[in-house]
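I have placed the structure first, in the form of structure tokens, so that the comments after it can refer back to it.
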Amino acid sequence: MAQSTWHDKHVESLTFGDKISDAVANGMGSWKFIIWQSIFVVIWMSLNIVGFVRHWDVYPFILLNLIFSTQAAYAAPIIMMAQNRQSDRDRIQAQNDYQTNLDAKEEIESLQLQLSKIETEKLDKIILMLQELKNK
């Protein structure tokens, strides 16, 4: 069984609302959204300028401005929630990285002590062998 990582634990802790706000922030922060919204605006303005059927939102496009204001009013807090969660993820990752570095430091220090012990033992053996040769 694979050990679960901090990221796995974080994903498991997300609520339905967290997942929705992350999806909205990811969607609104994409080129795909910008392109589709730009196409929507061009079509909206074109239909209202040409007005073959009727002008439902005449220039200066007050209804379109209302739609964008409403979109911005909801999008801003949703995106901020996603950014706050990203900040929490970054903080957790930094803490885990710090802990990994501490563990690695302890391991290196332990290995260094073991290597020093081995080297001391070797030197003691060499000195003992030299003394035995000198005594012969």
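We did not get these values from a lab; they are worked out from the coordinates using the rules stated. Computed from a predicted model, the values in this text were never measured in an experiment. Using ideal geometry, Cβ is built from the backbone for each residue, glycine included, and neighbour counts are taken over all protein chains shown.
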Among 30, 110, 69, the residue with the largest mean-square fluctuation in a Gaussian network model of the chain built from Cα contacts under 10 Å is 110
Packing-ranked peptide list from 118-124, 82-88, highest mean Cβ count within 10 angstrom first, is 82-88, 118-124
Restricting to lysines and to Cα separations under 28 Å from residue 32, and discarding same-chain partners fewer than 8 apart, the set is 19
Taking only the alpha-carbon positions of the chain as identical scatterers, the Debye log10 I(q)/I(0) at q = 0.12 Å⁻¹ comes out as -0.77
So residue 107 and residue 63, fully extended at 0.36 nm per residue minus their Cα-Cα distance, gain in nm 9.3 nm
Here the relative contact order (percent) of the stretch 13-110, from C-alpha pairs under 8 Å and at least 6 apart, is 33
A correct Karplus calculation of ³J(HN,Hα) over the stretch 26-32, with 6.51 cos²θ - 1.76 cosθ + 1.60, θ = phi - 60°, whole Hz and x for Gly and Pro, returns 5, x, 6, x, 10, 5, 4
Whole-Hz Karplus couplings 3J(HN,Hα) for the stretch 89-94, θ = phi - 60° and coefficients 6.51, -1.76, 1.60, Gly and Pro as x, run 4, 5, 5, 5, 5, 4
The chain: longest segment with zero exposed chymotrypsin sites (Phe, Trp or Tyr not before Pro), where exposed means DSSP loop plus at most 11 other C-beta atoms within 10 Å, is residues 57-136
